[in-house]
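The values are calculated or read from the model by the stated rules, or taken from the named source; none is laboratory data. The shown structure was predicted, so the numbers you read here are calculated from the model rather than taken from an experiment. Counting neighbours? That spans all protein chains shown, and the Cβs are built from the backbone with ideal geometry, glycine included. Surface accessibility is based on the protein's heavy atoms, side chains included, excluding ligands, DNA and RNA. Shrake-Rupley method; radii C 1.70, N 1.55, O 1.52, S 1.80 Å.
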Amino acid sequence: MTAQDFLILVNEWRQEQKSFREVLENGLVALGIFPADLAREHRLSDAAISRWRSGKNDPHPLTKEIIVTYLEKRARRMVRR
């Protein structure tokens, strides 16, 4: 998945057509972000990121928005290059 493809996925998520788990997993892969780095950047536990990636549970809606917005901004920067 490319950064451009990821931006399309984010748009689908915002229209409630894709799961947070799918957006998170694809965002990490497309943007080359390690889960531990995402956790550290947002002061989250590695275990929380792992649970979200596996679909065991979802974060609070505000946390979802913060994470997706962060990934979206990084993807937009990659696309502009």
At a 1.4 Å probe radius, which order do TRP13, TRP52 fall into by accessible area, largest first?
TRP13, TRP52
Please state the charge dipole magnitude for the chain, taken about the Cα centre, from unit charges on C-beta atoms (+1 on K and R, -1 on D and E), reported in debye and rounded to the nearest 20.
260 debye
Can you run phi through the Karplus equation (6.51, -1.76, 1.60; θ = phi - 60°) for the stretch 69-77 and list ³J(HN,Hα) in whole Hz, with x for Gly and Pro?
4, 4, 5, 4, 4, 5, 5, 4, 5
Long-range alpha-carbon pairs in the chain, meaning those over 15 Å apart, account in percent for 52 percent
Accessible area (Å², 1.4 Å probe, nearest 10) - ASP37:
70 Å²
